[in-house]
Amino acid sequence: MTLDAKILSMLREADETGITSASLATKTGSNAAAVSQRVVELCRLGYDIESTPHLGYRFLSAPDLLHADDLVSRLSPNRIVGRDIQVFQETSSTNDVVEKLARDGVAEGVVVFAESQTKGRGRMGRKWLSPPGRGLWFSVLLRPLMPPSSVTQLTIAAATAVARAVRVETGLALQIKWPNDILIHGKKAVGILTELSAELDQVRYVVIGIGVDVNITEFPAELAEIATSLSAAAGKNFIRAEIAAAILRELDTDYARVTRGEFAALAEEWEQQCVTLGQRVQIHIGDRTVAGRAESLDNDGALLLRTDYGHLERIVGGDVVLEK
Ligand code: BTN
């Protein structure tokens, strides 16, 4: 942990009581002068930290920006997801940045955020709107020991983790549309893009890209009917770092569940929030469309669809349209 991350973590822990400069220096393994210099710098970034000569420091508030040390300070020490966090002001797509890190041999768990993306992309080659400072646009690198056919488990785990974190942080009622759209009142607020590199029977790496529309107030006309944001649904803005940290914590928990072979329990949680199961759906897979009733998930997270011809078809990807 950097000194900034340690300072923020100790200040949060000290809460309203605050912490003396000497004790903050000891606890961070530093000295009073260095701590004071970093606190000035954090205040310059917009952190509101009260500093009084005798009482020491008290944390009042954080600005609505993504700061790697701040995010690290909100996570537990023994984590895989968020082991290393990088924040870019602007990038093409965080999935591309993480993919490059993966090709360079970086260990799993690294997370890359961007305040904005110039080429944010969604599933099926769609664009993903990523305006500066309004959402969470980030990607996670994983290196699971699993065959490519099981990677849908990770997408299901990611959707379950994000939904849990967002629900706890915002109190909003969310639904999941297979495989990984998170909806509020039927409109999409979160999208997940899973990309992978694999050999025939073993995954090399998986990049999970997550876009959360947090404080977007206006959508372009073509999205207005189908997209929403957490702030639009709740009628108030949210502090993105709080939501980001909650998501990373839940992703870490659920990734561990998948790697321990506990997918069944996760799938159950996912199924409880899913609007797709039990419904008549049309699924567009490339230029093919299959119609039927979405029955359940299989052990790999694929959707089992009872087609109109009575067959049970295993679907690993596609665009789902719920039939009215
Ligand atoms: C979808 O189509 O629903 C998936 C959208 C995924 C968007 C996120 S934003 C962060 C990451 N970088 C990208 O370019 N896409 C994903």
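The values are calculated or read from the model by the stated rules, or taken from the named source; none is laboratory data. Since this is a predicted model, take the numbers as computed values, not measurements. Quick reminder, even Gly has a Cβ in these numbers, built from the backbone with ideal geometry, and neighbours come from all protein chains shown. In case anyone asks, the SASA skips ligands and DNA or RNA and just uses the protein heavy atoms, side chains included. Shrake-Rupley method; radii C 1.70, N 1.55, O 1.52, S 1.80 Å.
Miscellaneous remarks
- Share of carbon and sulfur in the accessible heavy-atom surface of region 280-322 [1.4 Å probe, %]: 49 percent
- Spin-label model distance (nm) - L55 vs T2, 7 Å beyond Cα toward Cβ: 2.9 nm
- For the chain, accessible area per residue (1.4 Å probe, heavy atoms of protein chains only), Å²: 46 Å²
- Share of carbon and sulfur in the accessible area of region 31-94 stands at 51%, probe radius 1.4 Å.
- The chain: DSSP helices with Cα axial extent of at least 20 Å and average Kyte-Doolittle hydropathy no lower than -0.5: 152-170, 240-259
- Rounded to 5, the percent of DSSP beta bridges in region 68-273 classed as antiparallel: 80 percent
- Percent of Cα pairs in the chain per distance bin of 10 Å, from zero to the largest separation: 6, 25, 32, 23, 10, 4, 1, 0.
- Charge dipole magnitude, Cβ of K and R +1, D and E -1 - the chain, Cα centre, debye nearest 20: 100 debye
- Each other residue within a Cβ distance under 14 Å of R103 adds +1 if Lys or Arg and -1 if Asp or Glu, for a net charge of -2.
- Accessible-area composition of region 196-252, carbon plus sulfur, in percent [1.4 Å probe]: 50 percent
- Under 12 Å from K6, Cα to Cα: aspartates and glutamates that are on another chain or at least 8 residues apart: D69, D70
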